[in-house]
Amino acid sequence: MTDQRKTLPASYYTNREIYHAELENLFCRMWICAGRSERIANPGDYFLCEVAGESLIVTCDGDTIRAFYNVCRHRGTQLCVEAEGHFGGPIRCPYHGWSYGLDGRLVGAPHMDERAFRREQYPLHAVQAEEWDGYVFVNLAPASQPLAVQLSALPGKFAPWGMRDLRIYKRIGYEVKANWKLIVLNYNECLHCPLLHPALNRITDYLSGTNDPPEGNYIGGSMELRDGAQTMSVDGQLRRDYLPGLDQDQRRRVFYYAVYPNLLLSLHPDYVMAHMLWPQAVDRTRVVCEWYFHPHEMAKADFVADDAVEFWDRTNQEDWAISELAQKGISSRAYVPGPYSPREGLPSAFDQWILGRERRTDTLSPVPADLTHGEG
């Protein structure tokens with residue numbers, strides 16, 4: 001008889017020390033999806049993202065994506081407060097006017113004694129940044145493997161959807177009173193769909209499709225559209241052309257993948273949806289959901305997309321509500337780990353990944369506080 005896997009102990013969802021260890025060992029050491037590169041399409045465009053409490057500036061310097069800690073090298077003031085915008089010139093500190101080029105070099109330092117002061121010693125603290133298929137990833141670790149190593153087989157697997165060519169139609173932010181892992185767990189199974197998602201259950205068969213064998217840094221699989229349904233929308237009817245790279249089988253399925261630790265990708269026949277998870281506290285997560293469509297479709301006079309947005313916004317809120325109930329129940333003294341069913345292989349695999357990362361990072365030292373890797 002094989003051992004039956006059970007859910008994780010309550011401490012993994014309620015203990016602040018475990019939560020902060022996850023921030024340090026996962027969110028500060030892995031490649032994190034920061035957002036779409038189309039938000040920084042032009043040199044000087046920028047947006048802010050917050051990773052483990054650290055504010056980062058993500059910008060574009062010509063053809064190069066850059067990311068920096070949002071911290072002036074003079075007296076530590078945050079440089080940017082707006083969530084996104086455009087640098088018409090240097091990145092300038094609002095306090096004493098120190099200014100930086102888009103490559104992070106210090107180019108202006110008023111009132112400093114230039115005989116003893118060396119500008120080249122005070123660039124912005126840099127963060128590693130790379131792009132994959134239209135998504136910007138950042139990594140706070142002083143040194144790490146390239147993004148391609150973490151992504152493994154995903155670039156080839158998702159190539160037919162041409163995500164780099166798609167464009168944002170809508171972005172909605174949600175504040176969920178639940179641990180970030182509960183959101184990942186909920187995303188990776190649909191046994192709850194008949195009870196919680198009647199609209200979704202009318203369009204896809206919750207017992208259909210196949211799951212990929214769990215990989216090192218992602219899990220996922222597909223579900224089949226029911227007869228008569230063409231896409232995931234309010235009524236399941238197709239109002240846009242299929243994405244051009246998909247074959248007949250891909251047009252009849254929806255693919256769901258969790259790319260650890262913070263990107264949930266939902267690939268549909270005619271659009272792509274992404275959730276980015278930003279842990280705020282042990283029992284609170286900000287979730288940013290975005291919908292992407294092909295620009296040729298968006299340029300049509302009769303283009304509509306709210307049928308897909310409305311459908312998923314409703315489904316999202318159903319998921320957030322049950323995740324919050326799960327957080328409340330797990331926080332009870334009555335909670336003890338329960339058994340996974342044979343159809344809950346992906347949530348169980350995610351738990352094992354969490355435990356495996358915990359074992360691997362026990363001997364790692366924290367990211368250096370002085371961030372000397374950011375200096376020239």
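The values are calculated or read from the model by the stated rules, or taken from the named source; none is laboratory data. Being a predicted model, the structure only gives us computed values, none of them experimental. Every residue, glycine as well, gets a Cβ built from its backbone with ideal geometry; the counts of neighbours run over all protein chains shown.
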**OP:** Out of P295, P279, report the one residue that is at pLDDT 95 or above, farther than 21 Å from G221 by Cβ and surrounded by 22 or more Cβ atoms within 10 Å (Cβ to Cβ).
**Re:** P279
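Is it fair to say R29 is assigned to a loop (DSSP other than H, G, I, E, B), among the charged types (D, E, K, R) and in contact (Cβ under 8 Å) with a residue 60 or more places away in the chain?
yes
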Subject >> Matching entry among H125, H111 (being in the same structural domain as T64 (by TED's automatic domain parsing) and on the phi > 0 side of the Ramachandran plot) >> reply: H111
Subject >> Only listed residue being outside the structural domain of V51 (by TED's automatic domain parsing) and at pLDDT 95 or above, chosen from D235, D205 >> reply: D235
Original post:
Hey, among the residues in segment 65-91 that are basic (K, R) and part of a loop (DSSP other than H, G, I, E, B), which one's surrounded by the fewest Cβ atoms within 10 Å (Cβ to Cβ)?
Top reply: R75
Subject >> Flag for S233 being closer than 30 Å to A148 by Cβ and not β-branched (V, I, T) >> reply: no
Subject >> segment 45-60, subset among the acidic types (D, E) and within 23 Å of G76 (Cβ to Cβ), residue surrounded by the most Cβ atoms within 10 Å (Cβ to Cβ) >> reply: E54
Original post:
Before we move on, is G173 within 13 Å of the chain's Cα centre (by Cα) and surrounded by fewer than 20 Cβ atoms within 10 Å (Cβ to Cβ)?
Top reply: yes
Original post:
Could you say whether any residue in segment 114-122 is under 27 Å from the mean Cα position of the chain (by Cα), surrounded by fewer than 19 Cβ atoms within 10 Å (Cβ to Cβ) and among the charged types (D, E, K, R)?
Top reply: no
Subject >> Hits in segment 164-199 (condition: hydrophobic (A, V, I, L, M, F, W, C), in a helix (DSSP H, G or I), in contact with a Phe, Trp or Tyr (Cβ under 7 Å, 6 or more places away or on another chain) and in contact (Cβ under 8 Å) with a residue 60 or more places away in the chain) >> reply: L182, V184, L185, A199
Subject >> Which numbered condition F27 misses (of (1) of a type outside the set (K, R); (2) surrounded by fewer than 22 Cβ atoms within 10 Å (Cβ to Cβ); (3) under 19 Å from Q352 (Cα atoms); (4) touching a Lys or Arg at 6+ places or on another chain (Cβ under 9 Å)) >> reply: (4)
Original post:
What tally of residues in segment 275-312 results from selecting those that are within 16 Å of N186 (Cβ to Cβ) and either of a type in the set (A, V, I, L, M) or free of Cβ contacts under 8 Å to residues at least 60 places away in the same chain (or both)?
Top reply: 3
Original post:
Only one residue in P43, P142, P94, P123 is in contact with a helix residue (DSSP H, G or I) (Cβ under 6 Å, 6 or more places away or on another chain), in a loop (DSSP other than H, G, I, E, B) and either under 30 Å from H20 (Cα atoms) or modelled with pLDDT of 95 or more (or both). Which one?
Top reply: P142
